[in-house]
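These notes concern the structure reproduced below.
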Amino acid sequence: MTPQERQMLNELFERLASLESAPRDPEAMRAIDDGLRRAPNAIYPLVQTVLVQDEVLKRAQARIRELEQELGIESGQPQQQCEQRD
């Protein structure tokens, strides 16, 4: 594991730790528990998937900001609709 991968893993679990007191849907918890009984090693690929998706999302958000800057669009502001051509 690289230091960068370790950092990503630590950041993920820091975010998850902040959600420990959040309410849980009992039906979803039962389904998750059932799934983990059927696939007890699922945590590893689930964490890998989350880390990859987080990285892809960060890159996509950075690209969106870059494109918005090129177009002169302020983030968080609604865009004006372009006039339709007849």
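On inspection, residue 80 does not qualify as polar (S, T, N, Q), in a helix (DSSP H, G or I) and modelled with pLDDT under 95.
For the stretch 39-73: of the residues being surrounded by 10 or more Cβ atoms within 10 Å (Cβ to Cβ) and not in a helix (DSSP H, G or I), which is modelled with the lowest pLDDT? By that ranking, first place goes to 73.
The set of residues from the stretch 8-24 being farther than 17 Å from residue 57 by Cα, assigned to a helix (DSSP H, G or I) and of a type outside the set (D, E, K, R) comprises 10, 13, 16, 17. Each residue in the stretch 25-38 was checked for being surrounded by 10 or more Cβ atoms within 10 Å (Cβ to Cβ) and within 27 Å of residue 55 (Cβ to Cβ), and 3 pass.
The values are calculated or read from the model by the stated rules, or taken from the named source; none is laboratory data. None of the values given here were measured: they were computed from a predicted structure. Methodologically, a virtual Cβ is constructed for each residue, glycine included, from the backbone with ideal geometry; neighbour enumeration extends over all protein chains shown.
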